[in-house]
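These notes are about the structure you will find just below.
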Amino acid sequence: MTATAPRFGAARVLWLILATAALLGSVLSGTASAHAALTGSTPKDGAVVATAPKDVTLTFSEQVAMGDDAIRVLEPSGKRADTGELRDLCAGAVVKYGVDLHPGLPEGTYTVAWRAVSADSHPISGAFTFSIGAPSKTTVALPKEEAGGGVVGVLYGIARYVSYGGFVLLVGGAAFVLACWPRGAAVRPLQRLVVRGWAALTAATLALLLLRAPYTGADFGPGSLGAVLETKTGAALVSRLLLLGAAALFVAVLFGAYTRREDEGEKKDLTFGLAIGGTVVAAGIAGTWALSEHASAGLQPLVAMPVDILHLLAMAAWLGGLAALLVALYREPSVEGSAVRRFSRVAFGSVVVLAATGVYQSWRQVGSWSALTGTAYGRLLLLKVALVAVLVAVAWLSRRWTRRMAETAVAAAPEDAAGDAEGGKDAEGGKDSEGGEDSEAGDADAGGGAGVPVTVPDDPERAAQLARQRAVLAAARAKRARDADPERAGLRRSVLAEAGVAVVLLAVTTVLTTTEPGRTVEEAGAAQTSAPAAVPDRPLDLTLPFDTGGVNGKGTVRLTLDPGRSGRNAMHVYVDGPGGRPLDVPELKVAYTLESKQIGPLPVLPERVAAGHWSSTAVQVPMPGEWKLQVTVRTSDIDQTTIDKNVKIG
């Protein structure tokens, strides 16, 4: 007996790659960014207010969903300072929410922690601080982990990737059978591929439904699932499960009644019905993504959602058909070249649709050329475009192998016809003279041995064993014939390379759907830049160390600016030596620069009041903003230094 290599089919290889890339995709995604962004708050981050505000409000770039305890305000001791009742302050295009604060709050630093879900289903969260009276120490630690992170975020990312992969295999595999290779409906490996795609999508959808509450930061409990079902994402996931029930019926008919139908007219009608019904179900499943994610929020949602559905269907037809073709080439030697050529045409049409819809989506989500390289979304989009270009290049090689297969088949057809005719003459001529030999050889060939007569044993168990051996030998001969075909082998290698690139492309697409679009990043940044800076509502007080490098050249500068706002201010500067005693320096100068408006430097020449004390009562700050303060200290004729600090002046 000869040892045979272990079988590791292409379908198993594909599923191994999918599982590995799912883990990679979840790691790359990290925490999910979102479409909405916090554009302002009252009080502002870092503000110091003289009296306790009545409430805390948050303003967002677009619609968000906020539940109970979505905004929490904590005292320095960690005690809740808010009433816990969320108020919807939205008006027109302004998206604002707030909570009331308890009266009589003590002075100190307060922490505001918030969480929400953006209109495209992704969780967002954040925290900031403000102070009443004066800053103080606080026992509250700002959360380091954003919403959608941690173990739950990783599991949610894996489930998202598996759901995309299952959709691709289910829709693309079924489309390959109906449009390219109807005989493939009876091929077991293809059946398993489509059924596993359905199972993967169903299991991933259930996992997303169960993980949704903890993913958005809510507590996981008996009532959490009901709360999820009331959201847009929950409704989309439930709709997907219902559509998967219809998809199960479609798969049962495709691999059941469709394969048994022999009448060509009836089979053609059934093919048409399955194509229409399958397209409706596939579009519905794709719509569950379009109606709840990026396409449903932002610019032109009524146009973006149908475009997104077309994009998903084209992706499934191309990548899923590619997986089906890969399985057919490796596990079914009888796949016809015509099926490969039909898939080549389907893939070309899918690429055209992907290009058209992708250009629109890129314009809608990126918004500017600078966002392509200046945002994470833009960089991921460039990576996706590069992978698509590689995939198209490899597909072009596959099309070359397909043409060579067709040319080989056409060239071999006349030779086969001539061989059949000659064989028929020989058979007729040798009928009388060598009929016995021909009959004996035919029996030997039927048994699988060259020139060895077949004897059927009386033992049924032994007969079944011989039948299995003959089947194995026949399969081995077919595999050798298939592997000996250089065109088919070249096509298998190129299609396998396409599948590998497609797996990575799908992972990048999954990460892209959880990344904040570049247009939103730039709009949020512009809103924050144009918003007035958080300014302390008290005199400015700074302590700056200096070292001129000479003898007695080390010390500190204490500068106060009262009232610390635009307009006329009184400035006092105290210079202390190493021991904390006043240090009398020969010269001290101060200058202010507002770099954002290209104002300054505005020099201030304070007068010496006493040893180590300088002052000026007429410091004019023309406008509020973040000013760069520069203090020049000279401790001797040659020892001098300039220290600077950015300060916010209202």
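The values are calculated or read from the model by the stated rules, or taken from the named source; none is laboratory data. Remember, predicted model here, so these are calculated numbers, not experimental data. Glycine gets a Cβ as well: all are built from the backbone with ideal geometry, and neighbour counts include every protein chain shown. Heavy atoms of the whole protein, side chains included, go into the accessibility calculation; ligands, DNA and RNA do not. Shrake-Rupley method; radii C 1.70, N 1.55, O 1.52, S 1.80 Å.
For first residues located in the stretch 239-267 and free of Cβ contacts under 8 Å to residues at least 12 places away in the same chain, partners that are open to solvent by less than 50 Å² (accessible area, probe 1.4 Å) and of a type outside the set (Lys, Arg) and lie 6+ apart or on another chain with Cβ distances below 7 Å form the pairs Arg261/Leu270. Entry remark, the stretch 595-638: residues being open to solvent by 70 Å² or more (accessible area, probe 1.4 Å) and among the small types (Gly, Ala, Ser) number 1 in total.
Given the structure, is Tyr97 open to solvent by less than 40 Å² (accessible area, probe 1.4 Å) and without any contact (Cβ under 8 Å) to a residue 40 or more places away in the chain? For Tyr97, the condition - open to solvent by less than 40 Å² (accessible area, probe 1.4 Å) and without any contact (Cβ under 8 Å) to a residue 40 or more places away in the chain - is not met.
Any residue in the stretch 587-598 that is over 57 Å from the mean Cα position of the chain (by Cα) and in contact (Cβ under 8 Å) with a residue 24 or more places away in the chain? Yes, there is a match, as at least one residue in the stretch 587-598 is over 57 Å from the mean Cα position of the chain (by Cα) and in contact (Cβ under 8 Å) with a residue 24 or more places away in the chain. Considering Thr39, Thr129, Thr138, Thr109, the condition of being open to solvent by less than 70 Å² (accessible area, probe 1.4 Å), of a type in the set (Ser, Thr, Tyr) and free of Cβ contacts under 8 Å to residues at least 60 places away in the same chain is satisfied by Thr109 alone. Scan the stretch 523-554 for residues that are touching a Pro at 6+ places or on another chain (Cβ under 9 Å), open to solvent by 30 Å² or more (accessible area, probe 1.4 Å), within 20 Å of Met571 (Cβ to Cβ) and at pLDDT 80 or above and the total you get is 0.
Residue pairs whose Cβ atoms lie under 8 Å apart, separated by 6 or more positions or on different chains, with the first residue in the stretch 171-198 and touching a residue at least 12 places away in the same chain (Cβ under 8 Å) and over 15 Å from Ser338 (Cβ atoms) and the second in a helix (DSSP H, G or I) and of a type in the set (S, T, N, Q), are Ala185/Gln191; Ala185/Thr259; Ala186/Thr259. Checking each residue in the stretch 574-612 for being part of a strand (DSSP E or B) and charged (D, E, K, R) picks out Asp576, Glu587, Lys589, Glu607, Arg608. Against the condition in contact (Cβ under 8 Å) with a residue 40 or more places away in the chain, touching a Lys or Arg at 6+ places or on another chain (Cβ under 7 Å) and either under 16 Å from Tyr164 (Cβ atoms) or open to solvent by 50 Å² or more (accessible area, probe 1.4 Å) (or both), how does Ser344 come out, does it pass? Taking the combined requirement at face value, the residue does not satisfy it. Looking across the stretch 292-329, just one residue is of a type outside the set (A, V, I, L, M, F, W, C) and farther than 20 Å from Leu512 by Cα, and that is Gly321. If you filter the stretch 315-331 down to residues that are of a type outside the set (A, V, I, L, M, F, W, C) and at pLDDT below 85, you find that the one that is farthest from Ser494 (Cα to Cα) is Arg331. Residues in the stretch 80-94 that are surrounded by 13 or more Cβ atoms within 10 Å (Cβ to Cβ) and in a loop (DSSP other than H, G, I, E, B): Ala81, Leu89, Cys90. Every residue in the stretch 176-209 that is of a type in the set (A, V, I, L, M) and either under 23 Å from the mean Cα position of the chain (by Cα) or surrounded by fewer than 18 Cβ atoms within 10 Å (Cβ to Cβ) (or both), please. Once the filter is applied, which keeps residues that are of a type in the set (A, V, I, L, M) and either under 23 Å from the mean Cα position of the chain (by Cα) or surrounded by fewer than 18 Cβ atoms within 10 Å (Cβ to Cβ) (or both), the stretch 176-209 yields Ala179, Ala186, Val195, Ala199, Ala200, Leu201, Ala203, Ala204, Leu206, Ala207, Leu208, Leu209. Per the listing Leu249, Leu243, Leu225, Leu237, the residue uniquely assigned to a helix (DSSP H, G or I) and loosely packed, with under 14 Cβ neighbours inside 10 Å is Leu249. Here the stretch 273-302 is the region considered, the condition is being touching a His at 6+ places or on another chain (Cβ under 9 Å) and not in a helix (DSSP H, G or I), and the residue that is nearest to Phe167 (Cα to Cα) is Glu293.
Considering each residue of the stretch 283-300 in turn, none proves to be touching a Lys or Arg at 6+ places or on another chain (Cβ under 8 Å) and free of Cβ contacts under 8 Å to residues at least 24 places away in the same chain. Listed conditions (1) over 21 Å from Leu169 (Cα atoms); (2) surrounded by fewer than 12 Cβ atoms within 10 Å (Cβ to Cβ) are all met by Ser296, apart from (2). Pairs linking a residue in the stretch 365-388 that is in a helix (DSSP H, G or I) to a residue that is of a type in the set (Lys, Arg), with Cβ atoms under 9 Å and 6 or more positions apart or on different chains, are Gln365/Arg519; Val366/Arg519; Ala371/Arg519; Leu372/Arg379; Thr373/Arg379; Tyr377/Arg519.
Which ones in the stretch 72-85 are among the hydrophobic types (A, V, I, L, M, F, W, C) and touching an Asp or Glu at 6+ places or on another chain (Cβ under 7 Å)? If the condition is that a residue be among the hydrophobic types (A, V, I, L, M, F, W, C) and touching an Asp or Glu at 6+ places or on another chain (Cβ under 7 Å), then Val73, Ala81 are the ones that fit.
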